[in-house]
1. Across the stretch 110-124, what is the total count of residues that are buried (at least 16 other Cβ atoms within 10 Å of the Cβ) and touching a strand residue (DSSP E or B) at 6+ places or on another chain (Cβ under 7 Å)?
2. Among the residues in the stretch 291-299, are any part of a helix (DSSP H, G or I), loosely packed, with under 12 Cβ neighbours inside 10 Å and without any contact (Cβ under 8 Å) to a residue 24 or more places away in the chain?
3. Could you list, ordered by first residue, the pairs with Cβ atoms under 7 Å in which the first is in the stretch 112-128 and within 17 Å of V94 (Cα to Cα) and in a loop (DSSP other than H, G, I, E, B) and the second is of a type in the set (A, V, I, L, M, F, W, C) and open to solvent by 60 Å² or more (accessible area, probe 1.4 Å), at least 6 apart or interchain?
4. Give the stretch 97-109 a look and list any residue that's assigned to a helix (DSSP H, G or I) and out of contact with any helix residue (DSSP H, G or I) (no Cβ under 8 Å at 6 or more places or on another chain), or say none.
5. Would you mind finding the one in T365, T389 that is exposed (fewer than 15 other Cβ atoms within 10 Å of the Cβ), at pLDDT below 75, part of a loop (DSSP other than H, G, I, E, B) and over 34 Å from the mean Cα position of the chain (by Cα)?
6. Out of all the residues in the stretch 159-181, which are open to solvent by 30 Å² or more (accessible area, probe 1.4 Å) and over 17 Å from Y214 (Cβ atoms)?
7. Taking interchain pairs and intrachain pairs at least six residues apart, which have beta carbon atoms under 7 angstrom, with the first residue in the stretch 24-37 and farther than 21 Å from E58 by Cβ and charged (D, E, K, R) and the second assigned to a strand (DSSP E or B) and at pLDDT 90 or above?
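The values are calculated or read from the model by the stated rules, or taken from the named source; none is laboratory data. As the structure is a prediction and not an experimental result, all values here were calculated from the model. Every residue, glycine among them, receives a Cβ derived from its backbone with ideal geometry; neighbour counts consider all protein chains shown. Just so you know, the surface numbers come from the protein's heavy atoms only, side chains and all, with ligands and any DNA or RNA stripped out. Shrake-Rupley method; radii C 1.70, N 1.55, O 1.52, S 1.80 Å.
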Amino acid sequence: MRPVVDVVGLGPAGPELTTPAATERLADAPLVFLRTGRHPAAAPWIAAGARTCDHHYEHQATFAETYAAIVEEVVGAALANGRVAYAVPGSPLVLEATVPLLRADPRVEVRVCAGMSFLDLAWERLGIDPVAAHVRLVDAERFATDAAFDRGPLLVSHLWSKAVASEVKLAVEEFPATPVVALQRLGLADESVRELSWAEIDRELEPDHLTCLYVPALGAPVGAELAALDALVRVLRAECPWDAEQTHASLARHLIEEAHEALDAIDGLGPEPAAAAPERVAHLEEELGDVLYQVFFHCVLAGEEGLFTLADVAARLSDKLVRRHPHVFGEGAAPATSASQESSWERLKQQEKGRTSLLAGIPATLPALARAAKLEGRARSVGLALGVTAPEEGPLAAVLRASGALEREEALGAALLEVARRAADARLEPEQALRRALAAWEAAVAAAEEAAGGPLGALEQRERRARWRDAGAG
């Protein structure tokens, strides 16, 4: 039988709002943990010997790490004692991040004793039925994302500092004219309920861990322009004959064209974008908008087909970016150089996608020169290289001798131009010639991987390099 963790809610204010069932469960437990001692109902239990978890907030870098550490401590105590009680502010079922983590832990059985939430007092003070008013609950620290595309009403919880209040305030593009209501320390002697303008949220309010904000209406939702664009694309899809005929396949060439036009606009900014002429900056803004339209259009089409939505695309991208940056969002060590960062990315991508070849995932439709550069980068990430040794003289040698980035780029351009001239003199197609050379190199890679029994990677490099040479790749 698994050890038991009794999770109880202390209620939103003093001990008088802690339910008798919760009190009984705590009194009967051999060991009691409090997620935080900073709660009006915590003092009697601390006096009775309960342990607080406040030290984890001081020693961990993020809330996610804090909650994980709290869960580990509580579970460890349950394994040692057979049963413990774990008390949280308010209700265990409302905005309590540690409770889902405990419930997901297979080492313990979790029994929840519901408690009164701060929401019950908030609705009473506001005089509203949250169901009838369609109020949505939003965490202040995730306001910019969780309130996106919303016009209210919202109840914003965990508004615990002026910095968080400022983030909420500045996340809105157009300040709402309707006043908001700040609710603080509900149920306590110094309770405060007062109206504020949106601009006063971080000026007149002194937030604490018992502060929330009621927003009856937002003048313009967070991300209003993106929401408007999404609606516009849907209107065009429904009412414009051209848009109505499009498919993913028919739009493909337009995505390529718009991407190339955006690249031209980037080139137009020159080496110092901040000093570029305003019309060139506006041109890049316009071209990036055209690329964004293509993304929105594909998402609308996919939504019609029941495949995915813009939100799904954004969520998948966010998850991937977090995975690809363990040195930022996890415990990985920061890469020493951008080159080592690229090598790390390649290894992570290979693991994520289960690639069976070093060459997998590089589009065959790329122009040959761009594809060669991608393949070269992939090869270098595992300690290999393609191509031939650069001559000591000539345009390619000038590239190696150049010092500054601009000088190297100019030298490379001259070398490529020389290749194009020689191809023209010999009446050869350089694109086809390079594709043929790449095909031979890829065949050598495939042979080496077959001999190695898997994709070439950073692991076992010496052994695999020997097999690489035996396959005739260089």
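1. 8
2. no
3. Note: pairs meeting the criteria are A114/L93.
4. If the condition is that a residue be assigned to a helix (DSSP H, G or I) and out of contact with any helix residue (DSSP H, G or I) (no Cβ under 8 Å at 6 or more places or on another chain), then V99, P100, R103 are the ones that fit.
5. Of the residues listed, the single one that is exposed (fewer than 15 other Cβ atoms within 10 Å of the Cβ), at pLDDT below 75, part of a loop (DSSP other than H, G, I, E, B) and over 34 Å from the mean Cα position of the chain (by Cα) is T389.
6. K162, A163, S166, E167, L170, E173, E174
7. Short answer, once both residue conditions are applied: R25/D6; R25/V8; R25/A85; R25/C113.
Residues checked against (1) charged (D, E, K, R); (2) in contact with a Leu (Cβ under 8 Å, 6 or more places away or on another chain); (3) modelled with pLDDT under 90; (4) farther than 16 Å from R234 by Cβ:
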position	(1), (2), (3), (4)
E287	yes, no, no, yes
L292	no, yes, no, no
S338	no, no, yes, yes
E342	yes, no, yes, yes
